[in-house]
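J.: Just dropping this structure here.
The values are calculated or read from the model by the stated rules, or taken from the named source; none is laboratory data. Please read all numbers here as calculations on a predicted model, not as lab measurements. Every residue, glycine among them, receives a Cβ derived from its backbone with ideal geometry; neighbour counts consider all protein chains shown. All accessible areas refer to the heavy atoms of the entire protein, side chains included, with ligands and DNA or RNA removed. Shrake-Rupley method; radii C 1.70, N 1.55, O 1.52, S 1.80 Å.
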Amino acid sequence: MFSSIEVENLVSSATLELVVVEGNLQLCFLILFRGNQKYIKKGKLSYKTHQAIVLIVTFLAYTSYHASRKTTSIVKSALDPQSPDIGLKFPWRITYLSSPAENKRVSWVLGDGWAPFNRSDGSTLLGELDVAFLAIYAFGMYFSGHLGDRMNLRIFLTVGMVGTGLFTSLFGVGYWANIHSFYYYLTVQMIAGLFQSTGWPSVVAVVGNWFGKKKRGLIMGIWNAHTSVGNITGSLIAAALLSYGWGWSFVVPGLLTAFIGLLVFLFLPVSPESVGDDIEEEKVDSHRKNGEEATEPLLGSDNEIKEKAVGFIEAWKIPGVAPFALCLFFAKLVAYTFLYWLPYYICRTAIEGKYLSSETAGNLSTFFDVGGVLGGILAGHISDQLDARAITAATFMYCAIPALYFYRTYGHISLAMNIALMFICGMFVNGPYALITTAVSADLGTHSSLKGNSKALATVTAIIDGTGSVGAAIGPLVTGYISAKSWSAVFKMLMGAALVAGLLLTRLVVAEVAARVSEPRHQGQGGSQSTSRDAELDV
């Protein structure tokens with residue numbers, strides 16, 4: 001065995017090739033890890049390079065989370081042949097319900113489904129898996145944020161990703177192990193949801209540590225595309241592997257998530273402070289150039305404050321957290337209702353007098369995600385330009401109301417009209433959802449009331465997204481009951497939810513409008529506007 005000092009000497013003097021030749025693989029990996037850590041600590045990479053690394057690594061991390069999460073919806077038709085086939089399949093083509101039934105079978109390998117999901121209550125059991133996953137995910141989110149602010153986020157995120165990969169794979173292992181117990185799959189899905197709850201608070205906290213408020217909305221709006229990229233990637237992987245056995249559709253995304261988790265452990269710099277003093281100074285200089293030093297409380301001078309994490313109740317009391325969290329409850333209710341029910345709705349709505357096949361409906365529904373990507377970018381950019389997160393989020397939610405009405409009323413006229421209106425719905429529904437879960441969460445997690453305490457990002461993010469996830473679980477569940485009677489009633493519920501989401505931000509909107517009106521007077525008096533956003537959230 002080699003001592004720590006000997007390893008450091010080898011890192012600085014010996015070559016890696018020599019170690020490999022000697023066959024000491026343990027020492028080789030130790031040198032690689034120590035050398036990488038030493039390289040980062042010395043700050044040889046610039047501040048902007050570290051920012052790029054953070055964006056890329058966290059983008060891949062959450063893409064893998066969504067890819068592993070999406071597989072269940074793709075494999076549903078294989079587990080229960082009677083359930084709606086909402087998988088994404090290529091090549092993209094228009095087919096109708098008149099297609100021969102045998103063409104809809106996924107593969108002879110899958111036979112007649114998989115017990116217990118191929119029974120008459122199979123769709124109900126699959127729905128219970130979805131609800132259980134979302135419920136545990138939302139419940140775990142609160143605890144994950146609390147733990148994330150008290151642990152090394154790099155290690156915390158790695159554990160979450162490896163655990164997610166493991167239990168996603170264990171769901172697929174049931175295929176080869178010939179497991180037909182519903183409670184096995186329910187338990188595995190619930191634990192996977194618990195591990196997945198570690199992801200969002202962690203990645204938002206890390207990105208929030210590296211990017212100031214000046215362009216945070218635009219950057220996070222673009223970065224938030226990982227949600228749609230993950231959904232599409234997961235769909236492609238799961239659909240491509242179904243013909244080899246549905247177990248592969250879980251195991252491969254699971255292994256991919258675990259592998260990216262290892263990359264997170266090796267390469268993710270959690271904050272400028274964790275990298276070195278030089279990078280920390282570069283950060284301060286960068287924020288000063290952008291006029292952000294007064295609003296950037298990430299680098300406090302009081303070490304005692306920085307070491308003490310913000311409590312759960314204390315985080316709820318941060319100005320703006322409660323209204324944005326409740327707003328996201330209703331915004332995510334609308335978004336996840338579309339996520340789970342849009343393909344089902346499309347294939348049961350006559351477009352140009354014809355009913356589309358479930359395969360085509362699944363393909364068509366991806367335009368909602370594409371619109372969501374654009375909406376997230378636009379919402380982030382507009383909120384940066386206006387310096388008004390609440391105004392932007394509320395405006396998007398209000399615009400979602402007529403968009404939902406027009407889609408329900410005129411979406412059946414033609415395929416082109418359906419796609420265009422669906423795209424617009426995705427833009428207005430997912431725009432504020434993306435803004436609140438990214439830039440707003442990061443802003444509130446570094447609010448001036450925290451007095452430089454950086455130990456609140458994960459907790460605040462978890463509170464906001466956890467509350468939203470409760471709505472994400474309730475929306476699809478309620479839709480299942482209402483849609484049996486009337487889809488018009490479902491859309492009325494969604495429009496009402498969008499209205500309530502906007503109204504919940506009214507006080508913040510009024511404060512931001514007042515701040516915009518008073519800006520010329522303050523500027524004329526030589527006052528600083530650097531703390532305007534935090535002042536608006538103090539309502």
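J.: Taking only the stretch 113-162 into account, find how many residues are over 24 Å from F329 (Cα atoms), of a type outside the set (K, R) and assigned to a loop (DSSP other than H, G, I, E, B).
T.: 10
J.: Inspect all residues belonging to the stretch 119-134 and state whether any of them is open to solvent by less than 10 Å² (accessible area, probe 1.4 Å) and modelled with pLDDT of 90 or more.
T.: No, there is no match, as no residue in the stretch 119-134 is open to solvent by less than 10 Å² (accessible area, probe 1.4 Å) and modelled with pLDDT of 90 or more.
J.: While we're on this one: Pairs please, first residue from the stretch 333-359 and of a type in the set (K, R), second anywhere and surrounded by 21 or more Cβ atoms within 10 Å (Cβ to Cβ), Cβ atoms under 9 Å, 6+ apart in sequence or on different chains.
T.: R348/A361
J.: Please pick out the residue among L444, L421 that is in contact with a helix residue (DSSP H, G or I) (Cβ under 8 Å, 6 or more places away or on another chain), part of a helix (DSSP H, G or I), among the aliphatic types (A, V, I, L, M) and at pLDDT 85 or above.
T.: Answer to the check: L421.
J.: Looking at V275, V229, V270 in this structure, which one is closer than 21 Å to V54 by Cα, among the β-branched types (V, I, T), open to solvent by 50 Å² or more (accessible area, probe 1.4 Å) and at pLDDT 55 or above?
T.: Working: V275 fails: open to solvent by 50 Å² or more (accessible area, probe 1.4 Å); V270 fails: open to solvent by 50 Å² or more (accessible area, probe 1.4 Å).
From the options V275, V229, V270, the qualifying one is V229.
J.: Determine which member of the set S73, S99, S107 is closer than 18 Å to R348 by Cβ, modelled with pLDDT under 75 and open to solvent by 10 Å² or more (accessible area, probe 1.4 Å). First the steps, then the outcome.
T.: Numbers: S73 fails: modelled with pLDDT under 75; S107 fails: closer than 18 Å to R348 by Cβ.
Step by step, each of S73, S99, S107 is checked, and only S99 is closer than 18 Å to R348 by Cβ, modelled with pLDDT under 75 and open to solvent by 10 Å² or more (accessible area, probe 1.4 Å).
J.: Also, I was wondering about something else. Quick one: which of A239, A192 is open to solvent by less than 10 Å² (accessible area, probe 1.4 Å), in contact (Cβ under 8 Å) with a residue 24 or more places away in the chain and aliphatic (A, V, I, L, M)?
T.: It is A192.
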